[in-house]
Amino acid sequence: MRSGEIAAVRSRLEEFAAEVFASLPRSDQRATGELYVRGLLLDGQRKSMQPMAERLGTDHQRLQQFMSSSTWDFAGVRRRLAARIHDVVEPVAWVIDDTGFPKYGTSSPGVARQYSGTLGKVGNCQIGVSVHAVCDHASAALDWRLFIPEAWDDACTGDPILAQEIRRRRARCGIDDEERNRPKWQLAIEMLDELRDWGLSAPVICADAGYGDNAHFRSALAERDLRYIVQVKGSGTAHAADAVPELLPAKGKGWRGLPRYRTKPVSLREHVLAAGRTGVRRLSWRQGSKGRLAAEFLTLRVRPAGRRPRYADDGTLAEAWLIAQWPPDEPEPVRYWLSNLPADTPLQDLIRLGKIRWRIEHDYRELKTGLGLDHYEGRSWAGWNRHVTLVAAAHLFLTTLRLTSPKATGAA
């Protein structure tokens, strides 16, 4: 936003900041929080502290101290942000994803050579996992976690010299002892638990195949009675919906074991190809810039198997929706989803929710290109968490303006 546009909404920004920073104990912290958010909103190529301070006409040491050595708790700010996001966005789903923060050095917390979807390859970067509240016309990040690679966890090596060096790196960055290497799907589950503890309820969980293909992730969602629709690969396996577990014939008077399916599960791809194109329907999911977006889909009921499936006491596996996008000019589907939404869910709703992940790409693009999500140059774990929290606050303020006063952001 240009300085004139900021000035026009200054009173709204101050009111917004007073609410989201109310958990900060000192008035100077609350004032600097509002200042930092204002710096993120102002036009400028870099949103690191030095150029922001120059645009704001303040000493960058004030911003530096606020981000690095001040005592404020970012979790309290996130909690207030999350509650306000739910009121503003009125989400139909929560979307889980992760994004890369490219880095040149090796001193930033969690930085390592690792795969980043942002880069499309292995590169030197940090990875942030996030949960976003989404609807068809708005979205915003509810919570964040910084992924800790094995190279930043001294418990992941048996080399005492390397372990000592890792501990020194962790200490320099102020990484809490409980922040250890955990898979990204587990970080996502921890955030869902945290958001639940904050009093928020997830409508439906959506995620790409990086999460959806993980049976442990899907099981963790089901254990929490969370509904989901997640993208998967066609190589995942399942039994047909009408498959019935059986007991093996008795061999004497001993224990007969538990009922189990006596046929092997087949791939999701095979289920769809066996059903054929006769059940394919053309369904739309939202209004695009050039009209309604629509494609051809086949939906089936299956019983997902996978590794170490969770059987019920009677030996059955839970039913789920299998959704396949199958263009008429393709010999087989190009995308697959699994969902534990009820069997009577309208197909239009299934497709709409399966496709709603596009909002998170919109968020990441704006968070990075407009608000400097990946511009933070500090080297502390707390600083990274504070920066992404304040960027999320700036993004929510912009989202609120678009929904209530689109002219204020040039959107109308």
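Take the conditions (1) more than 30 Å from residue 196 (Cβ to Cβ); (2) touching a residue at least 12 places away in the same chain (Cβ under 8 Å); (3) open to solvent by 10 Å² or more (accessible area, probe 1.4 Å); residue 120 misses just one of them, which is (2). Number of residues in region 182-208 that are crowded, with 16+ Cβ neighbours inside 10 Å and over 21 Å from residue 75 (Cβ atoms) equals 7.
So which residues in region 131-164 are touching a Pro at 6+ places or on another chain (Cβ under 6 Å) and part of a strand (DSSP E or B), if there are any at all? The answer is 133, 134. Would you check if there is a residue in region 309-328 being modelled with pLDDT of 95 or more, basic (Lys, Arg) and either open to solvent by 20 Å² or more (accessible area, probe 1.4 Å) or within 30 Å of residue 64 (Cβ to Cβ) (or both)? Within region 309-328, none of the residues are modelled with pLDDT of 95 or more, basic (Lys, Arg) and either open to solvent by 20 Å² or more (accessible area, probe 1.4 Å) or within 30 Å of residue 64 (Cβ to Cβ) (or both). Among the residues of region 144-165, the ones that are touching a helix residue (DSSP H, G or I) at 6+ places or on another chain (Cβ under 8 Å), within 24 Å of residue 99 (Cα to Cα) and open to solvent by less than 70 Å² (accessible area, probe 1.4 Å) come to 8 in all. The single condition among (1) within 18 Å of the chain's Cα centre (by Cα); (2) open to solvent by 50 Å² or more (accessible area, probe 1.4 Å); (3) in contact (Cβ under 8 Å) with a residue 40 or more places away in the chain that residue 80 does not satisfy is (1).
Inspection of region 83-97 identifies no residue that is part of a strand (DSSP E or B), open to solvent by 10 Å² or more (accessible area, probe 1.4 Å), within 26 Å of residue 231 (Cβ to Cβ) and of a type in the set (Val, Ile, Thr).
A quick yes/no check of all residues on (1) in contact (Cβ under 8 Å) with a residue 60 or more places away in the chain; (2) out of contact with any strand residue (DSSP E or B) (no Cβ under 8 Å at 6 or more places or on another chain); (3) assigned to a loop (DSSP other than H, G, I, E, B):
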site	(1), (2), (3)
328	no, no, yes
331	no, yes, yes
348	yes, no, no
354	yes, no, no
362	yes, no, no
365	no, yes, no
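Restricting attention to region 171-199, the residues that are within 20 Å of residue 382 (Cβ to Cβ), assigned to a helix (DSSP H, G or I) and without any contact (Cβ under 8 Å) to a residue 40 or more places away in the chain total 1. Restricting attention to region 59-82, does a residue exist that is over 29 Å from residue 25 (Cα atoms) and either among the hydroxyl-bearing types (Ser, Thr, Tyr) or touching a Ser or Thr at 6+ places or on another chain (Cβ under 7 Å) (or both)? No.
Taking the criterion of being modelled with pLDDT under 95 and either polar (S, T, N, Q) or part of a loop (DSSP other than H, G, I, E, B) (or both), the residues of region 98-107 that qualify are 103, 104, 105, 106, 107. Within the option set 400, 369, being free of Cβ contacts under 8 Å to residues at least 60 places away in the same chain and either polar (S, T, N, Q) or closer than 30 Å to residue 296 by Cβ (or both) holds for one residue only, 369.
Within region 346-358, identify whether any single residue is touching a Ser or Thr at 6+ places or on another chain (Cβ under 7 Å), open to solvent by less than 60 Å² (accessible area, probe 1.4 Å) and either under 30 Å from residue 130 (Cβ atoms) or at pLDDT below 95 (or both), and answer yes or no. Yes, region 346-358 contains at least one residue that is touching a Ser or Thr at 6+ places or on another chain (Cβ under 7 Å), open to solvent by less than 60 Å² (accessible area, probe 1.4 Å) and either under 30 Å from residue 130 (Cβ atoms) or at pLDDT below 95 (or both). Selection of region 260-306 for residues being free of Cβ contacts under 8 Å to residues at least 60 places away in the same chain and of a type in the set (Lys, Arg) yields 260, 262, 264, 277, 282, 290, 292.
The values are calculated or read from the model by the stated rules, or taken from the named source; none is laboratory data. All figures in this text were calculated on a predicted structure; none of them were measured in a lab. All Cβ positions, even for glycine, are placed from backbone atoms using ideal geometry, and neighbour counts span all protein chains on display. Heads up: the accessible areas ignore ligands, DNA and RNA and are worked out on the full protein's heavy atoms, side chains in. Shrake-Rupley method; radii C 1.70, N 1.55, O 1.52, S 1.80 Å.
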